[in-house]
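These notes are about the structure you will find just below.
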Amino acid sequence: MIKTLGLIPARSGSKRLEGKNIKLMNGKPMLAYTIQAALQSDLSDVVVSTDSEEIADIARQFGAQVPFIRPHELSDDRTTNKNVLAHALSFLEEKQFMEYELLFLLQPTSPIRKSTHINDCIQLLADSNFDTLASVYGPIKKNQKNLKILTPEKELLEYRDGELCEYYCYNASIYGSKRDFFIRTMNYHAGRQVGYVMDKLHSIDVDDEYDFEIASHMMKKYCAQE
């Protein structure tokens, strides 16, 4: 069995939508939807990284591991998810003697993502010769310079001048990296990486109140039928 880590970053501060990660969406903290999808997937461990005891308690209630409270220096709005993942991986491997082959970053702002999406990404990255994976939505037809495109072979390449290309957008739902690549580069993006295409519904990313209301409505309308 491949050892896989699913890390959910959930700090307390949010400027555009106060208390975003634990704001109730259809009666449940938004964070809970990502935890439940992750726990229903084939991930070996599901860990929440947070600077908040309140968020930590809620995460534990829904079954996630919270083995540490994130230090203050990794808790402001300038902190990157790369640093958050590096801190969590160091703690789990050095303090708890865990070993992983694949790392996945799961944003709690993607509440409609399903466990099957996570499982697909695990399999894709495990079978790939590439070191990283990113979930995207599309295709969107664009004819502009300097766009990054996703070819049918699922590699991110530069736009070819004069051609009408299929353009895929990162949806910020799932990022994956092989552990050794991340340790070597401290990055979960590579110049060429596996692209996992998701539809627009499951790609909804909550950044503000407007996004929150859309996600809540779409979840009630469509997801109960899945």
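All of the numbers you see were taken from the coordinates with simple rules; none came from a lab. All of these numbers come straight from a predicted model, not from anything done at the bench. Neighbour counts are summed over all protein chains in view; Cβ atoms, including those assigned to glycine, are modelled from backbone coordinates with ideal geometry.
Can you give the calculated 222 nm mean residue ellipticity of the chain, where each DSSP H run of n ≥ 4 adds -39,500 (n - 2.57) and the sum is split over every residue, rounded to the nearest 500 deg cm²/dmol?
So the helix-based figure for the chain works out to -9000 deg cm²/dmol.
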*With label points built 7 Å along Cα→Cβ from the Cα atoms of Asp199 and Arg78, find their separation and express it in nm.*
4.3
*Across the Cα atoms of region 46-118, what radius of gyration and what greatest pairwise Cα-Cα distance (Dmax) are found, in Å?*
12.6, 34
*Across every pair of different alpha-carbon atoms, what Kirkwood hydrodynamic radius in Å does region 1-73 reach?*
12.6
*Separation between the Lys95 and Ile183 pseudo-spin-labels, each 7 Å from Cα along Cα→Cβ, expressed in nm?*
1.9
*Using a ≥ b ≥ c from the Cα gyration tensor of the chain (square roots of the eigenvalues), is it rounded, prolate or oblate, where a/c under 1.5 gives rounded and otherwise the larger of a/b and b/c decides, a/b for prolate?*
oblate
*So how far apart, in nm, are the two label points at Tyr210 and Ala126 if each is 7 Å from Cα heading toward Cβ?*
4.1
_Label-reachable residues, region 1-20, where backbone N falls under 20 Å from a point 7 Å from Asn119's Cα toward its Cβ_ = 1-7
